[in-house]
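Every number here is computed from the coordinates shown, using simple stated rules; none is lab data. Only a predicted model underlies this, so the values are computations on that prediction, with no experimental measurement involved. Every residue, glycine among them, receives a Cβ derived from its backbone with ideal geometry; neighbour counts consider all protein chains shown.
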Protein chains: 2
Amino acid sequence: MLPPMTPKISRFLTESAPDTPCLVVDCDVVAANYDRLAAALPLTRIYYAVKANPAAPVLKILRDRGARFDSASIHEIKQCQALGIESDRLSFGSTIKKERDIAAAHQIGVPLYAFDSRGELEKIARAAPGRQVFCRFFMEGAGADWPLSRKFGCDLDMAADLLVQARDLGLDPYGVSFHVGSQQTDPGQWDLALGRTKMLFTALAGRGIDLRMINLGGGFPARYRADVPDVDDYAQSIMTAVTRHFGNRIPQMIIEPGRGIAGDAGVIEAEVVLVSQKGYDDPIRWVFLDVGKFGGLPETMDEAIKYRIEPIRAGAALEGDTGPCILAGPTCDEVDVLYEHHPYDLPLDLQPGDRVRFLAAGAYTSTYASIGFNGFPPLTEHYI
Amino acid sequence: MLPPMTPKISRFLTESAPDTPCLVVDCDVVAANYDRLAAALPLTRIYYAVKANPAAPVLKILRDRGARFDSASIHEIKQCQALGIESDRLSFGSTIKKERDIAAAHQIGVPLYAFDSRGELEKIARAAPGRQVFCRFFMEGAGADWPLSRKFGCDLDMAADLLVQARDLGLDPYGVSFHVGSQQTDPGQWDLALGRTKMLFTALAGRGIDLRMINLGGGFPARYRADVPDVDDYAQSIMTAVTRHFGNRIPQMIIEPGRGIAGDAGVIEAEVVLVSQKGYDDPIRWVFLDVGKFGGLPETMDEAIKYRIEPIRAGAALEGDTGPCILAGPTCDEVDVLYEHHPYDLPLDLQPGDRVRFLAAGAYTSTYASIGFNGFPPLTEHYI
């Protein structure tokens, strides 16, 4: 079941008719998504992936609910600090950190650091001595819409050695992490990852190290065009797998949802700028919008994320016969095409001045926007 | 011959050691590139493509040399206006414009508008009555590093009809435009396009319309990793083709260089954050930098633009044995990998804290940067 847009967002867009392109986030949905995850996975600590949407209203809601925060940079850590979030609720989850940024985080009091290489481990040992660290191992990410390269994580045998080295360097080898891929739609991927995790725990125990934590990463999906399993299905898959591999001795679990908390909460409204055809022998309809790849929708790259799109005229849903079209952004860049190989059906009488809404656009949109490519300003943001 | 980095930039980077990532632009190179184009193509009007690099120092240099300016949005038009550039030196070169933006440009006094569709033509006729318009027709873009989709331009027979309709709608059908593709390395592409242009001129003359202008678009390359023909070679190819097709009656010519003026003028300096391997059986070296796809290098998408890269330690070129590596950016996003399928050879002892310079990075970098993805601020910019 795909949820409709919330009445609050719909009312705001109709009554305020804000300038486009804009992102409108229903903060109640952020809260509800957090609560649902917390209820479904009561044994886990939820570290919100700040990068998904770092807007202050989002962070404040999660702060007040007791969330923890996974930071991708020292800038995000400072942002959380500025909002009064205690440093022991933060983790430095990037595996690619400057040593001076690690030192700054250590100074602030951040207790938890990610790594996946010897080089990173040495930096942490020098700049944040004694801190808890976890090693990210590599997962292939099958089943995820947003694919994984080899960029993050190392092989299992290297992970085991690195955790021993962490201890030898004076750090606290706290646990391991993996990421099954963002917008992961196959809960069985967690079982595979948790089996490998158990292997690591066993191997490390044999080398005198008692790992205590599993970071299950993110991957909780937002609801785009295709249907996805429910949060409870994910939770059940995870708990079944954890119990199968770890029995009664379940380590501390961490999850790092970003998209799964902020994605559903936001809608991008854009204006139709032009509808055109390219030739008499080329029946394809092009629909150009005032938002594109450089304005907040970079996850349409390779048409990876397929948003649900609703056409609007004068504040109301635009009905009528539909036909396929290519959707493109407003910039003078050839690559600023949103959907060409997966065309969308939109009303045949769609015209300039009509609007379209991209649903579930609350994550990985606002801060992705370019500072001003082609002179276009970033998305306006409304948190209601 | 690939030019070395200018001594001015080299001195600035060594003496100032600015925080990274940063873009340093040698304004003298901007001026020299403009002068060289102007000298090579004396019969053309040069409309600088503002989107390539809209920094005020760049625009001022070109303003003072008498350049004209091709704008991709009303924002760029207003920016030129704020710098005291007369409105009759501006064109609104986007084929995707909001009607209210066309009206604003008309009010400001912008004389020249692009279109490639009936819908756009109707908007211009309503919002900027009587103005000069030119129709962009489609070119396949063979030979260009940055590929062309069907996003811009229409078929030739449609272009002919649209120019007649422009007259019937009370506009001035001034000419045609095409774009052979950015970073175009085959000068012969202009001959093909000019042949089609001549066909349009002839067809329109038969319908009572005297076209007077050819907009040759951009496509003038910057010097990346591969060598490219000289500006004079391009100019000669263009003039030979124009003369062949138009004889002594050469229409007003326009070019829209962006990359060809600003590209060579800039260097991005970045810091090495991490050097790592992924496994004992995986010898590939990963080099992570503090700049990536979201920080100002989006043209590495699909590894399209291959910058020349120079490793630096303590302000001097880093010598020594080299080996291949994958280059990646600092964000927690899998797609933030710069070069994986076209690996770069870099020194084997490259370490965190070393720096690398991306040469010819003056165009399509600064304003492409995200406003703050993963919390990382945009590129710092220095114009010297």
| Placed amide H near A:Gly323: partners under 5 Å, 5+ positions off or other chain | A:Leu346, A:Leu348
| task | Shortest first and in nm with one decimal, please list how far the A:Asp64 label point sits from its counterparts in the other copies (point 7 Å along Cα→Cβ). | result | 5.4
| field | region A:1-148, relative contact order [Cα under 8 Å, separation at least 6], % | value | 14 percent
| query | Hey, any idea what the orientation-averaged projected area of the convex hull of region B:264-383's Cα atoms comes to, in nm²? | reply | 7.5 nm²
| request: Would you work out the relative contact order for chain A, in percent, from Cα pairs under 8 angstrom that are 6 or more residues apart? | output: 20 percent
| FRET efficiency for A:Arg100 and A:Arg167, Cβ-Cβ distance as r, R0 = 25 Å, nearest 0.05? | 0.55
| said: What does the charge count around B:Ala262 come to, taking other residues whose C-beta lies under 15 Å from its C-beta (Lys +1, Arg +1, Asp -1, Glu -1)? | reply: -2
| note | The whole-number value in µm²/s of the Stokes-Einstein translational diffusion coefficient for region A:1-131, with Rh from the Kirkwood sum over alpha carbon pairs at 20 °C and 1.002 mPa s, is 130 µm²/s
| Label-to-label distances across copies for B:Thr240, with labels 7 Å out along Cα→Cβ, in nm, shortest first? | 7.1
| In degrees from 0 to 90, rounded to the nearest 10, what is the angle of the helix B:118-127 Cα long axis to the longest principal axis of chain B? | 80 degrees
| Per 5 Å bin, what is the whole-percent P(r) computed from every C-alpha pair distance within region A:28-261? | 1, 7, 15, 19, 20, 18, 13, 6, 1, 0
| query | Just the Cα atoms of region B:203-244: what Rg and Dmax do they give in Å? | reply | 15.3, 48
| note | Low-density loop chymotrypsin sites (Phe, Trp or Tyr not before Pro), region B:264-331, at most 16 other Cβ within 10 Å, DSSP non-H/G/I/E/B, are B:Tyr280
| query | When the helices in chain B are scored as -39500 (n - 2.57) per DSSP H run of 4 or longer and the sum is shared across all residues, what 222 nm value do you end up with, to the nearest 500 deg cm²/dmol? | reply | -9000 deg cm²/dmol
| So how tilted is helix B:231-246 from the main axis of chain B? Cα-based, degrees 0 to 90, rounded to 10. | 20 degrees
| Under the definition of Cα pairs under 8 Å and six or more residues apart, what whole-number percent is the relative contact order of region A:264-383? | 37 percent
| said: Within 10 Å of each candidate Cβ there may be at most 11 other Cβ atoms; applying that plus a DSSP loop requirement, which GluC sites (Glu not before Pro) in region A:258-329 survive? | reply: A:Glu319
| query | Sorted from shortest, what are the nm distances separating the label point of B:Arg11 from equivalent points in the other copies, each placed 7 Å from Cα along Cα to C-beta? | reply | 6.5
| request: Could you run the Karplus curve 6.51 cos²θ - 1.76 cosθ + 1.60 with θ = phi - 60° over region B:303-318 and give me ³J(HN,Hα) per residue in whole Hz, x for Gly and Pro? | output: 6, 5, 9, 10, 5, 6, 10, 10, x, 9, 10, 6, x, 10, 4, 8
| query | Using 7 Å Cα-to-Cβ label points, what is the A:Gln252/A:Ala316 separation (nm, one decimal)? | reply | 5.6 nm
| note | Using the Kirkwood radius over Cα pairs of the protein assembly as shown, the Stokes-Einstein translational diffusion coefficient at 10 °C and 1.306 mPa s, in µm²/s and rounded to a whole number, is 58 µm²/s
| task | Using only Cα atoms, locate the centre of region A:107-139 and the centre of region B:168-230, then give the distance between them in Å, rounded to an integer. | result | 56 Å
| said: How big is region B:198-332 along each principal axis, measuring the range of its Cα positions in Å and listing the largest first? | reply: 72, 30, 25
